[in-house]
1. For the chain, list the DSSP H helices whose alpha carbon atoms reach 24 Å or more along the long axis and whose average Kyte-Doolittle value is -1.0 or above?
2. Using a 10 Å cut-off on Cβ atoms, rank the peptides 131-142, 99-110, 168-179 from the highest mean neighbour count down.
3. So which GluC sites (Glu not before Pro) in region 138-228 end up in coil per DSSP with only 10 or fewer other C-beta atoms within 10 Å?
4. Could you work out the relative contact order of region 169-259, using alpha carbon pairs under 8 angstrom and six or more residues apart, expressed as a whole percent?
5. Taking the Cα centre of the chain as origin, work out the dipole magnitude from +1 charges on Lys and Arg Cβ and -1 charges on Asp and Glu Cβ, in debye rounded to 20.
6. Please order ARG226, ARG293 by the number of other Cβ within 10 Å, starting at the fewest.
7. Please label the shape of region 21-82 as rounded, prolate or oblate, based on the square roots a ≥ b ≥ c of the eigenvalues of the alpha-carbon gyration tensor (a/c under 1.5 means rounded; beyond that, a/b larger than b/c means prolate, else oblate).
8. Take every DSSP beta bridge whose two residues both sit in the chain, then give the antiparallel share in percent to the nearest 5.
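Just so it is clear, none of the values below were taken in a lab; they were calculated from the coordinates. Keep in mind the model is a prediction, meaning the values are calculated, not measured. As a convention, Cβ positions derive from the backbone with ideal geometry for all residues, glycine included, and neighbour counts pool all protein chains shown.
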Amino acid sequence: MSNNVTLRHLRAFVAVAERGGYTAAARSLNIAQSALSRTIVEVEEELDTRLFERTTRRVVLTASGEQLLMNARRVLEEFDSAMSRFQLYHSGLNGVVSLAALSSVASIMLPTFISEFRKGRPNVRISVKDGFADEVVRYVRDGQVDFGITSFPKASGQLICEQIAADTLVCICSKSHRFVGLETVSWNDLNGEDFVAFDPLSSVRTCVDRALQIAEIQLGTITQARDVGTVAGLVSADLGISVVPSLVLPMMQFCEITQKKLVSPAVEREIYLVHDPQTPIPPAAGFLIEMLRHAAMHGFRTPNGARWVNKPKAELAKKK
């Protein structure tokens with residue numbers, strides 16, 4: 001007895017067994033009856049046993065045939081089920097999407113995308129890690145996530161980076177601060193002001209420090225905090241002003257603060273979609289990435305002060 005019985009053999013055998021004859025079975029399989037007969041002979045020769053007793057009106061399973069039918073049905077059911085699951089996965093209709101994003105992006109921008117994505121793919125599981133810019137890059141580089149959304153991407157090695165959005169830097173201050181009476185605030189107005197800064201690992205800190213350096217601004221006393229809520233609380237308590245990207249503002253609404261347009265110059269934080277070209281992208285993740293790439297075209301809105309980039313261009317984040 002050999003092990004050369006194929007799924008084609010099993011399907012032919014089950015069809016004959018369930019329909020009680022070759023004519024009906026051949027019709028259900030859309031093959032010639034002679035071809036079906038040869039297939040059954042091949043199965044019997046491979047297994048070295050008779051599977052059917054043939055009468056003038058119908059075929060009847062032998063004891064060996066009964067045993068094979070039970071096993072064949074189980075094999076075919078498992079195979080068909082596995083192929084069905086694979087087709088769903090290949091079509092992006094199931095599976096897992098894992099991504100990492102800046103906290104402001106994860107809480108303000110992503111929920112709308114995920115909600116829309118889920119409407120067409122309710123069986124896809126989504127995992128979101130939030131973190132600082134460099135943390136997002138590390139998650140991508142280490143293969144912990146399928147892709148990331150970050151700012152100022154730096155990488156050990158090479159990642160593909162596509163700018164998909166940007167948000168404007170704004171100044172925030174307490175309700176009692178002198179800036180409240182101003183229509184806009186310039187970077188020069190920040191000279192000598194006490195300042196509440198984000199953690200050095202934050203993309204906000206990187207963006208603000210760069211702008212302050214270009215404008216040659218000398219700040220007063222600096223208070224540093226990691227969490228967005230903590231920064232908002234410190235500013236609300238008049239321990240200093242701060243400069244934040246527009247996407248962060250909805251996360252600060254619980255505090256009594258005032259926001260002012262920051263000008264001369266207006267500065268944007270660029271937001272990038274980042275992935276490792278050496279890491280395969282699951283189909284479901286690919287669909288979500290395409291939604292992000294073409295957000296403006298699909299009509300996704302942004303909070304005030306943020307915008308989508310219509311035609312993202314892929315670039316390499318080279319080792320720094």
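1. Length and hydropathy pass: 63-90.
2. Descending packing order for the listed peptides: 99-110, 131-142, 168-179.
3. The qualifying sites are GLU183, GLU216.
4. 45 percent
5. Values: 36 positive and 34 negative charges, 205 e Å.
Using Cβ point charges on Lys, Arg, Asp and Glu, the chain gives about 980 debye.
6. Details: ARG226 13, ARG293 19.
The order, fewest Cβ neighbours first, is ARG226, ARG293.
7. On the way: a/c = 1.67, a/b = 1.18, b/c = 1.42.
Note, shape of region 21-82 comes out oblate.
8. So the antiparallel bridges in the chain amount to around 60 percent.
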